[in-house]
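Peer 1: One structure, as structure tokens, below. Some questions next.
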Amino acid sequence: MKISQRIHQRIRLKNLFLTLVLLTAIGGLAWLSSRYTLEADITANAGNTLSPASAKLLASMPDPIAITVYMKADQPIRSQIAQLIDRYKRHKSNLSLVFIDPDAQPEKTRELNIGAAGAILVDYQGRTEKLTFVDESSLTNALLQLANAHERWITFLTGHGERSIEGQANFDLEQFGKELARRKINAQTINLATLPAIPDNSALLVMTVPAVPLLANETEIISRYIEQGGNLLVLTDPDAKHLDRLEQSLGIRRLPGAIMDGSTKLYGITDPSFVLVAEYAQHAIAKGFQTTTIYPAAAALEMDAESNFQAEAMFSSAQQSWTETGPVSGEVRFDADSDEKQGPLPVAYALTRTVNGKNQQRIVVVGDGDFLSNAYIGNVGNLDMGLRIVNWLIHEDQFIDIPAKTATDKTLQLTETSVAVIGFGFLIVIPLLLVGSGFFVWRKRKQR
């Protein structure tokens with residue numbers, strides 16, 4: 001069939017039109033891609049995107065944020081910091097990032113007291129936070145400090161042999177106090193034998209286990225503080241006999257003995273007195289919290305049904321746990337014929353009630369004070385849990401849900417059987433298959 005010149009022209013015009021449409025579509029997509037981004041985070045814990053808490057905080061900060069990184073130019077961590085800041089820039093256009101080589105500005109570096117490892121300065125509304133390590137949790141916390149310029153005070157009871165917020169012994173809480181100070185939560189100590197009342201500027205009273213009983217007037221001051229709606233954190237222990245009266249006033253009973261956790265062997269811990277907690281109640285303190293916490297010597301708690309407080313168990317020990325009332329030595333096991341109780345057993349309670357018709361009083365009782373001590377605060381999520389508890393108690397709820405994201409898929413855990421199968425396969429099975437296939441091909445060719 002002969003194609004006329006007219007049909008040729010139509011085909012050419014049609015092809016030209018389709019080409020123009022295609023080029024226009026490509027140009028439009030290129031323009032849209034320069035103005036808008038479309039991303040998908042497929043990591044196990046959304047580690048490459050900002051948490052809702054961080055995004056909400058940025059939306060509440062209208063003024064510009066300036067981040068200055070003092071770090072040598074040849075440091076590869078610069079690119080990692082830039083990638084992290086890019087996530088923040090997507091939610092806040094007036095956030096700026098500048099890298100400065102300390103060697104290029106030695107006088108400024110000395111003035112800012114920046115060490116050899118470098119530092120990150122975050123500026124907002126004329127205030128500055130200095131970081132030596134940066135991830136989403138630390139950076140968002142720094143922004144929160146800048147957005148909330150006021151300082152907060154909490155009071156630690158002292159004078160009876162309690163854990164000291166200034167002490168350096170393994171038993172004490174100095175490291176926790178330093179972490180609180182980094183977040184503008186100032187810790188002060190008080191001895192009620194010398195002061196008639198708890199300071200008015202205190203948003204929280206913290207009580208740890210006293211070595212000797214409190215005096216009658218001290219107990220009266222604390223009772224009056226609680227009756228008036230004061231917030232309270234009690235870090236008790238299995239043998240905290242001098243806190244019995246306080247716990248009774250709150251409607252909490254400490255069960256005899258200490259919790260033994262039979263599941264710790266799965267984590268390579270041979271001491272059953274260490275209680276591991278990996279699941280938490282749907283409470284504001286533990287919202288979004290997925291990190292394991294360790295309690296080296298914990299007491300089980302029970303709540304009185306007639307308590308004046310609304311109580312919620314924040315977390316409990318594992319199903320394989322029990323209260324050991326006998327000596328904790330050698331091999332211990334649950335005795336069903338005794339007063340021992342089988343797990344799960346509540347380790348911490350959060351108490352609330354409304355005071356004066358408007359203010360919410362908040363109290364937390366934890367059956368172990370060791371988890372925040374200098375010796376154990378660095379274990380997995382202990383510090384994060386302690387900070388969450390304090391922030392909730394002082395009504396700084398916005399500080400709670402800022403997760404410290406860690407990549408959950410960076411390591412591969414294999415059982416001994418899996419390792420044996422993989423080794424057998426690579427060393428024996430695959431070589432035999434290659435030799436067998438080669439022999440098969442050789443035989444086929446020889447038979448031709």
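Peer 1: Output the number of residues of region 76-130 satisfying the condition of being without any contact (Cβ under 8 Å) to a residue 60 or more places away in the chain, part of a loop (DSSP other than H, G, I, E, B) and out of contact with any helix residue (DSSP H, G or I) (no Cβ under 6 Å at 6 or more places or on another chain).
Peer 2: 16
Peer 1: Can I ask one more? Quick check, is GLU162 in the same structural domain as SER223 (by TED's automatic domain parsing) and within 23 Å of the chain's Cα centre (by Cα)?
Peer 2: no
Peer 1: Condition first: surrounded by fewer than 22 Cβ atoms within 10 Å (Cβ to Cβ), among the small types (Gly, Ala, Ser) and in contact (Cβ under 8 Å) with a residue 60 or more places away in the chain. Can you find one or more residues in region 271-288 that meet it?
Peer 2: Yes.
Peer 1: Take the residues in region 225-270 that are among the basic types (Lys, Arg) and touching a residue at least 24 places away in the same chain (Cβ under 8 Å), then tell me which one is farthest from PHE371 (Cα to Cα).
Peer 2: This residue is ARG245.
Peer 1: Yes or no: region 157-177 includes at least one residue that is under 30 Å from MET61 (Cβ atoms) and either in contact with a helix residue (DSSP H, G or I) (Cβ under 6 Å, 6 or more places away or on another chain) or aromatic (Phe, Trp, Tyr) (or both).
Peer 2: yes
Peer 1: Please verify whether region 298-306 includes one or more residues that are in contact with a strand residue (DSSP E or B) (Cβ under 6 Å, 6 or more places away or on another chain) and modelled with pLDDT under 90.
Peer 2: No - not one qualifying residue is present in region 298-306.
Peer 1: Name the single residue, out of those in region 366-389 being modelled with pLDDT under 90 and assigned to a loop (DSSP other than H, G, I, E, B), that is surrounded by the fewest Cβ atoms within 10 Å (Cβ to Cβ).
Peer 2: GLY378
Peer 1: Here's something else I'd like to know. Checking the condition assigned to a loop (DSSP other than H, G, I, E, B) and assigned by TED's automatic domain parsing to the domain that holds PHE99, which residue from PHE133, PHE171 passes?
Peer 2: PHE133
Peer 1: Just to be sure I understand, how many residues within region 133-156 are buried (at least 20 other Cβ atoms within 10 Å of the Cβ) and more than 22 Å from ASP384 (Cβ to Cβ)?
Peer 2: 1
Peer 1: Let me ask something else about it. For ALA297, only one of the following conditions fails: (1) in contact with a helix residue (DSSP H, G or I) (Cβ under 8 Å, 6 or more places away or on another chain); (2) over 21 Å from MET385 (Cα atoms); (3) of a type outside the set (Val, Ile, Thr). What is its number?
Peer 2: (2)
Peer 1: Do we find that ALA73 is at pLDDT 80 or above and either exposed (fewer than 10 other Cβ atoms within 10 Å of the Cβ) or among the aliphatic types (A, V, I, L, M) (or both) in this structure?
Peer 2: The answer is yes for ALA73.
Peer 1: Which of the residues spanning region 1-35 are loosely packed, with under 10 Cβ neighbours inside 10 Å, within 30 Å of ARG90 (Cβ to Cβ) and of a type in the set (Gly, Ala, Ser)?
Peer 2: Passing the criteria: ALA30, SER34.
Peer 1: Follow-up question, since we're still on this one. Of all residues in region 91-129, how many are under 15 Å from ILE65 (Cα atoms), among the charged types (D, E, K, R) and exposed (fewer than 15 other Cβ atoms within 10 Å of the Cβ)?
Peer 2: Total satisfying the criteria: 1.
Peer 1: Related question: Give the residue, chosen from SER307, SER329, SER317, SER338, that is of a type in the set (Ser, Thr, Tyr) and either buried (at least 23 other Cβ atoms within 10 Å of the Cβ) or under 19 Å from the mean Cα position of the chain (by Cα) (or both).
Peer 2: Checking each option against the conditions leaves just SER317.
The values are calculated or read from the model by the stated rules, or taken from the named source; none is laboratory data. Keep in mind it's a predicted model, so treat the numbers as computed, not measured. In this analysis, Cβ positions are derived from the backbone assuming ideal geometry, glycine residues included, and neighbour counts consider all displayed protein chains.
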